[in-house]
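J.: Below you'll find the structure I mean.
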Amino acid sequence: MRLLALAALCLALAAAPAAQAQLSGNCLVANNNKADWCATGFCDPVTGCSKCTTSTARNSPKMRVLNNNNGALTYNRCTACDASELKCKDAYSCAPGTNGALDGCTACKTGSFLDTVAVKYIDASSGTPTETTQSYRGCRSCAEAFGCVAGAACDANGCLVCPRGKPYKNKISRRCGTCQEVSGTGCTQCYTNGDCKACQKGYYLDSLKRCQPCTVASCEACAADGTCASCKKCLTCRQTGGEKCVTCATDGTGACTKCWDRWSVDATTGKCASCAAIGGPACLSCDPSVPACLTCATATYLNSTGGCSTCSAVGAACQACALDENDSTLKCTLCRQGAFVDAATGNCAFCSATYGVYCRACDATQCTSCASGTYWDARLHRAMAGQLARHPLLRRQGVAAAAQEWAAGSGGGVAALAALAAVLQQRLAAAALQPSRAASSAAWESGSAGLPAMPPSESGSSGQPQLRNVQLVRDFIHDLLYHPSEGYFSKQTASGAAVVGTLRQPLNFSSFAGQTEYLMAVQNLYKELQASWLTPVEIFQPHYGQAIANAVLQRWNEQAADAVAAGRPEPPLRIYEIGGGTGTLALNILDWLRSEHPTAYARCQYACIEISPVLAALQRRRVATEGGHASHFTVRQHDAADAAAWRAADAAEGSSGGGSSRQDEHAFIVMCEVLDNLPHDRVWRDMGSAEWQQTLVAESDRYEDLGQWSQHHSRGGEGDYFELVQPAADPLIRRCLQAVQACDASADASGARKSGLALTMARGWRKLVGEATDEVRWLPTGCLQLLDTLQRARPSHTLIAADFDALPEVAVAGINAPLVATTYGGSTFDHGSYLVPRGTADIFFPTDFSLLCQLYRGAAQQAQQAQQPHVRAEHMGTADFMLRYCPDLSATCTASGYNPLLEDYSNSAFFVGSCLWQRAFFVGSSAGDAA
């Protein structure tokens, strides 16, 4: 093996240039070195020299360095100190080390300094040649080591003089540099010795007087140990803890400590996690570590899977519910005002259905609050109309006692009533009370042309009053509100007054601490905008509109999927909004479709049907021009209840392509705050009679002859309005009455109403005492007329309507009576009568949604008797609708967790109906009704 290695080395050397090195005897000799530099007996044929000679001669090199030419050769050689890696001052300025010191240089050239250097060589002491290093005392260039001026002197601590432009010396690297180079990039000012004097924000001064960055990147100032003392002002908790973070840690981590409502801190990430993603859109607070919801919104409950489910299964009026201890049965624990918990079923029952339409609040045993002008009848267990409890006759001794005895249910029941009736008949004769209004109505009915005749006046004269503009109440109200030039809405918009206010920008609900701040903000908006009304569409934009858009989109997606599966082309998405107001709803819906669902937006055509020319122009400007939806939005200016106007507008637009007409397509019809302004009719009857009388309104200058027979309201010199009655013969009125009767029958069948002998006896008793036994009801005939028109204009459609199902105490009498109000200077004034001058007041009605479902089904079946379409109708509270469809309920939450979109407007509801020809695209709850 030794011979083979030597042969290989000889071949390698033979191939190498002769000028580099050659073998002389048993020693490697460099061309420019003496052979005796390698100590005798220390020259190996393979590795070369293993020890160099050391001279003691005065002018001879004191020491040579053994190296393998930095790896260029495969053998060792001896070189002089100045020619090796040591770079001593000269060949004689080196010597072996003494007392443990390193071998090497004893002096360096100017511009160099003594330092430890490593020299490579081949070590064969172990029998195997191995490259290794040997430390020596050598010379290093000051310029290379410390950045000194070329040729300038230095020592182990660096330059003795630093160059211009880099006057400071780094204590660790000993290099010259600028203040920032020697003391850190954060140093703004240095001492002459290179120590930092001041650090910039985000850095701190360490023990070596150098600037070090704070341990957290977002720190503005930190302590001597690098921990954060204060954060940068430009870095918010949203940046460190997520977009929904409200407050965060000040320890430098920026981890979130409090999130928006409906968001909770995820301890793992230090950021906010959406509770809606964990427990559903109704989840108010949650624990992301489980993950599970902790608390749920109003009208929802915590289910067994850690999510929130709606309480609608135990009644639409349920505001709080819970599962029993076995998580098997759901029961309501709290109902909204106007309903109570039925202990037998665990469901919410409405006070009006259980104790009569006049009951406003109740518990499981009785009505606790009756409507104005009504009272609680303990005998009938029902809230009743009239003023019996305050009738003057009952304050007389004897009669009062008998009445109280009967009401308390003691004293023989029917016998007590008969005794009371006898006493009351005597009292009536003595008091000589005026005839009832029912009797006066009969006298009026003897007139010609279907109008009641004028009875003899007290002076004995007879004659017909000069009546003008005799019309049904619905036509009178329509004229008051919608007259082209003098109607309420026309006057308001023409004068520049804001009937419906328009917000300049959406409300930032998260900036409100809670309910109080929110209500104050809304009140300030009323004053600022001088608006008569701020609709939920405006207050909760764009989220309210997005919920409606989502409900429409879900149904359209189902239709599109069915069409594609059947090989038909995808249908267009046609949306008609009736009464578009300022255009906010249309803008919110189209904006959302464009940004979130571009495919549906491309197929969408949206039309506002607007009767007001001023509002129509406003809608075109806001939606088409400013909103950029001109190719997807139009305004059809006509009355939505006018079937001929629909046909004319369809003809002007032409067919929808492929020869089909607009009537062939499925349409989505949206109405927000429209039902309340649709004209109603007023009917009246004496509770002792089953026959309803329809009310007419007339004008006359002679109110003194009519005053005792009819209510009237002065118009200030131009004449007076009078109410006249006649048997209900109008077709729309009769259809509404049939629907009311069907609803009442349904309530009777469910046991929600009490009838029979007790009710008949009560009616007779009230008639005997001369009590005002009127029953007044307001019927949504304008709504029925609109439903009839929609069935003819768009037979296949889905209708989504939102409105109020109850109003505050109103001064006008009757079931579902209107609120008649005038807004001036930010304040609202209520009128005691609907008989007001044209254009002076807004007249709006509550919507009976159960009756609306009945009317909708009836209108669909009457219009399409031959085809028998599939008809569905349901209604739900606003909170239920929003929980189903609103894309982001957290956006309407205040900082306290209060959500006005879910918790306010408890007296509002949504109606969703569909009339479909092939299959029911409607996806509703089990509460829906099918025909």
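The values are calculated or read from the model by the stated rules, or taken from the named source; none is laboratory data. Only a predicted model underlies this, so the values are computations on that prediction, with no experimental measurement involved. Note: ideal-geometry Cβ built from the backbone for every residue, glycine included; neighbour counts use all protein chains shown. The area values use the complete protein model at the heavy-atom level, side chains included, leaving out ligands, DNA and RNA. Shrake-Rupley method; radii C 1.70, N 1.55, O 1.52, S 1.80 Å.
J.: If Lys and Arg each add +1 and Asp and Glu each add -1, what is the summed charge of the other residues whose beta carbon sits under 11 Å from the beta carbon of Cys159?
T.: Local charge sum for Cys159: +3.
J.: How far apart, in nm, are the 7 Å Cα→Cβ label points at Ala343 and Arg838?
T.: According to this spin-label approximation, the distance is 5.9 nm.
J.: By its C-alpha gyration tensor, with a ≥ b ≥ c as the square roots of the eigenvalues, how is region 235-370 shaped: rounded for a/c under 1.5, else prolate for a/b larger than b/c, else oblate?
T.: The shape class here is prolate.
J.: Rounded to the nearest 0.05, what FRET efficiency is calculated for Glu691 and Leu208 with R0 set to 60 Å and r the Cβ-Cβ distance?
T.: Calculated transfer efficiency: 0.05.
J.: Taking the Cα centre of region 76-231 as origin, work out the dipole magnitude from +1 charges on Lys and Arg Cβ and -1 charges on Asp and Glu Cβ, in debye rounded to 20.
T.: Value, rounded to 20: 460 debye.
J.: I'd like the accessible area for Glu596: 1.4 Å probe, protein heavy atoms, all chains in place, Å² to the nearest 10.
T.: Counting only protein heavy atoms, Glu596 exposes about 110 Å² to solvent.
J.: Need the full-extension length gain, Asn193 to His638, defined as separation in residues times 0.36 nm minus the C-alpha distance. One decimal, nm.
T.: 151.3 nm
J.: Further question on the same structure: For region 140-213, what does the accessible surface come to per residue with a 1.4 Å probe? Please give it in Å².
T.: That works out to 56 Å² per residue.
J.: From the cross-link list Lys62/Lys120; Lys87/Lys171; Lys209/Lys244; Lys120/Lys209; Lys209/Lys258; Lys51/Lys89, which pairs have alpha carbons spaced over 31 Å apart?
T.: Beyond 31 Å between Cα atoms: Lys209/Lys244; Lys120/Lys209; Lys209/Lys258.
J.: Next question. Could you work out how far apart the two model spin labels at Asn557 and Asp123 are, taking each label as a point 7 Å from the Cα in the direction of the beta carbon, and quote it in nm?
T.: Inter-label distance under the simple model: 7.5 nm.
J.: What pairs in Lys166/Lys197; Lys201/Lys271; Lys491/Lys527 have C-alpha atoms more than 22 Å from each other?
T.: Table pairs above 22 Å Cα-Cα are Lys201/Lys271.
J.: Quick one: length gained pulling Thr368 to Asp327 fully straight, 0.36 nm per residue minus the C-alpha distance?
T.: Result for the pair: 11.5 nm of gain on full extension.
J.: Further, regarding this structure: What full-extension length gain, to one decimal in nm, is calculated for Asn99 and Ala521 as 0.36 nm per residue of separation minus the Cα-Cα distance?
T.: The Asn99-Ala521 span can extend by a further 142.9 nm.
J.: If you take the beta carbon distance between Thr56 and Lys258 as r and set R0 to 60 Å, what does 1/(1 + (r/R0)^6) give as a FRET efficiency, to the nearest 0.05?
T.: It comes out at approximately 0.10.
J.: As an exercise, use a Förster radius of 60 Å and the Cβ-Cβ distance of Ala313 and Glu131 to find the FRET efficiency, rounded to the nearest 0.05.
T.: FRET efficiency, Ala313 to Glu131: 0.10.
J.: Continuing with the same structure: Compute the distance in nm between two label points, each set 7 Å from the Cα along the Cα-to-Cβ direction, one at Ala617 and one at Leu160.
T.: 9.4
J.: What does the highest-first list of 613-619, 503-509 look like by mean Cβ count within 10 Å?
T.: 613-619, 503-509
J.: While we're on this one: Got a sec? Which residues in region 521-541 would a label at Asp888 touch, if it sits 7 Å along Cα→Cβ and we count backbone N under 19 Å?
T.: Answer for region 521-541: 537-541.
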